[in-house]
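*Asks:* Can you keep this structure in mind? I'll have questions shortly.
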Amino acid sequence: GERRDIVRGTKAAEFHNHIFEKVNPEMEKLGYECKCLGGGKIEHNSKDKKIRVFGLSTGYGKADHSVTVEILKKEYTDYEITWSDDKK
């Protein structure tokens with residue numbers, strides 16, 4: 001079947017499992033089966049139009065940040081978007 005990677009984040013969720021528990025039922029209603037492939041942090045500076053992806057999830061491990069950046073670049077076309085394996 002078709003596979004699609006998505007990126008979700010919110011300041012309202014303290015941990016990655018909180019985000020997944022919200023997104024998963026919404027995606028299942030649309031007929032999708034979901035799996036969390038890892039996590040990290042997204043630092044979004046709208047004033048300077050910069051996004052930084054880094055870190056990992058203690059529960060899910062580290063997402064492939066290069067994939068995350070490619071997804072973000074499609075939505076934030078005029079941003080400088082970078083990633084690293086830094087924890088902070």
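The values are calculated or read from the model by the stated rules, or taken from the named source; none is laboratory data. Values in this document were obtained by computation on a predicted structure and should not be read as measured data. For neighbour counting, all protein chains shown are included, and Cβ atoms are generated from backbone atoms with ideal geometry for every residue, glycine included. For accessibility, only protein heavy atoms count, side chains too; no ligands or nucleic acids. Shrake-Rupley method; radii C 1.70, N 1.55, O 1.52, S 1.80 Å.
*Asks:* Name the one entry in LYS74, LYS88 that is part of a loop (DSSP other than H, G, I, E, B), among the basic types (Lys, Arg) and either open to solvent by 40 Å² or more (accessible area, probe 1.4 Å) or in contact with a strand residue (DSSP E or B) (Cβ under 7 Å, 6 or more places away or on another chain) (or both).
*Replies:* LYS88
*Asks:* Which one of the conditions (1) modelled with pLDDT of 95 or more; (2) surrounded by 14 or more Cβ atoms within 10 Å (Cβ to Cβ); (3) within 12 Å of the chain's Cα centre (by Cα) does TYR79 fail to meet, given that it meets all the rest?
*Replies:* (3)
*Asks:* Another question about this same structure. Keeping to segment 35-44, report how many residues are under 30 Å from ASP78 (Cβ atoms) and of a type in the set (D, E, K, R).
*Replies:* Counting residues in segment 35-44 that are under 30 Å from ASP78 (Cβ atoms) and of a type in the set (D, E, K, R) gives 2.
*Asks:* Being open to solvent by less than 30 Å² (accessible area, probe 1.4 Å), in contact with a helix residue (DSSP H, G or I) (Cβ under 7 Å, 6 or more places away or on another chain), within 18 Å of GLU75 (Cβ to Cβ) and part of a loop (DSSP other than H, G, I, E, B), is that true of even one residue in segment 13-34?
*Replies:* Within segment 13-34, none of the residues are open to solvent by less than 30 Å² (accessible area, probe 1.4 Å), in contact with a helix residue (DSSP H, G or I) (Cβ under 7 Å, 6 or more places away or on another chain), within 18 Å of GLU75 (Cβ to Cβ) and part of a loop (DSSP other than H, G, I, E, B).
*Asks:* Taking segment 35-56 as the region of interest, how many residues are in a loop (DSSP other than H, G, I, E, B), open to solvent by 60 Å² or more (accessible area, probe 1.4 Å) and out of contact with any Lys or Arg (no Cβ under 8 Å at 6 or more places or on another chain)?
*Replies:* 6
*Asks:* Right, next: Taking the stated definitions as given, is GLY59 closer than 23 Å to LYS88 by Cα, assigned to a loop (DSSP other than H, G, I, E, B) and either open to solvent by less than 50 Å² (accessible area, probe 1.4 Å) or at pLDDT below 95 (or both)?
*Replies:* Yes: the conditions hold for GLY59.
*Asks:* If you take the residues of segment 1-18 that are β-branched (Val, Ile, Thr) and in contact (Cβ under 8 Å) with a residue 24 or more places away in the chain, which of them is farthest from LYS62 (Cα to Cα)?
*Replies:* Taking the candidates together, the pick is ILE6.
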